[in-house]
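Student: Handing you a structure now.
Every read-out reported here was derived from the displayed coordinates using simple, explicitly stated rules and does not represent laboratory data. Only a predicted model underlies this, so the values are computations on that prediction, with no experimental measurement involved. Neighbour counts run over all protein chains shown; Cβ positions are idealised from the backbone, glycine included.
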Amino acid sequence: MIFKKTINDLMQRGWSQADIAIRCHVTQGTISSLYRGDTLDPRYSLAMSVLSLWKSKTPAPKHTRKKAE
């Protein structure tokens, strides 16, 4: 499954599913479905967005919110 590996690679670089979803203009649930393999044939624009993000080696966004102590 190309999307599971692609999303996993992005998460290993520090991207959360929510971060990927924001960049790809979809919900976190959509990215989760791709990751789990529930969505086997995503629309072309989503597939290209995920693959472009993966290919670009864009660093994960830095979050400004405070972590719980």
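Student: Tell me, which residue of region 27-46 that is part of a helix (DSSP H, G or I) and not polar (S, T, N, Q) is surrounded by the most Cβ atoms within 10 Å (Cβ to Cβ)?
Tutor: Ile31
Student: Please go through region 1-19 and give me each residue that is of a type in the set (A, V, I, L, M, F, W, C) and within 13 Å of Ala47 (Cβ to Cβ), ordered by number.
Tutor: Met1, Ile2, Phe3, Ile7
Student: Just to verify a result, which residue in region 11-26, among those that are touching a Ser or Thr at 6+ places or on another chain (Cβ under 9 Å) and part of a loop (DSSP other than H, G, I, E, B), is surrounded by the fewest Cβ atoms within 10 Å (Cβ to Cβ)?
Tutor: Looking at residues that are touching a Ser or Thr at 6+ places or on another chain (Cβ under 9 Å) and part of a loop (DSSP other than H, G, I, E, B), I get His25.
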